[in-house]
Amino acid sequence: MRKRWKDHKFNMKFYKGHIDQDNLKFLKQVIDQSGWPTRQKVGKNASTAAWLIAQHAGFDREFQRKVLGLLKRLPKGAVELKHVALLADRLRLSDGKKQIYGTQLNMDLKGGTVVVPPIWQPSTLDKRRGKMGLKPFNEQFNKASRAIRLISENRKRR
């Protein structure tokens, strides 16, 4: 659903929120029965899919906090560290705090720009990002800027 939504330039007509709700319900059952679906248990793709469900469950912040705690307690290599960083930043911003890893960017689809929410101690940002397996911030920002320009240009052509 999210790929289709992205492919249609984030047109809300193609977003099906009930799918997020159904996926979250399923993931909660999995966690209750078996714990977090680590790469060792279910493979990299399925573990990433579980994280994506949690990452996009902004309508259930309590669950997201639970997942972040689970991810932080897992042994090294059980999950991708960048997933911990992405979820941590998302939660911090939702709590009105500055993000730690600079993973969350806001896209202005109409204006074709990227807005960076506040970042805690920007002078040491890339060092923190490196420890979490993330590329330098400027690489992420430039990639997002190129993508949003393309989306914006495509919208203007229609």
- Karplus-derived HN-Hα couplings along the stretch 106-113 (A = 6.51, B = -1.76, C = 1.60, θ = phi - 60°), whole Hz, x at Gly and Pro: 9, 9, 9, 5, 6, x, x, 10
- Task: Express in nm, to one decimal, how much length is gained between Lys97 and Gln40 on full extension, taking 0.36 nm for each residue of separation and deducting their alpha carbon distance.
- Result: 17.2 nm
- Please work out which option in [x] 20.6; [y] 17.0; [z] 16.0 gives Kirkwood radius over Cα pairs in Å calculated from these coordinates, and answer with its label. [y]
- Mean separation of Cα pairs under 8 Å and 6+ residues apart, divided by the residue count of the chain: what relative contact order is that in percent? 15 percent
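Starting from the Cα-Cα distance between Leu70 and Ser123, subtract it from 0.36 nm times their residue separation and give me the gain in nm to one decimal.
On the way: separation 53, 0.36 × 53 = 19.08 nm, distance 2.90 nm.
So the extension gain works out to 16.2 nm.
Expected output is a single nm value to one decimal: the length gained when fully extending between Asn154 and Asp108, i.e. 0.36 nm times separation in residues minus the C-alpha distance. What is it?
15.2 nm
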- Item | Virtual spin-label span in nm between Val30 and Phe141, 7 Å along Cα→Cβ | 3.5 nm
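Here, each number is a calculation from the coordinates, and none is a lab measurement. Fair warning: this is a prediction, and the values are worked out from it, not measured in the lab. Note that we place each Cβ from the backbone using ideal geometry, even for glycine, and neighbour counts take in every protein chain shown.
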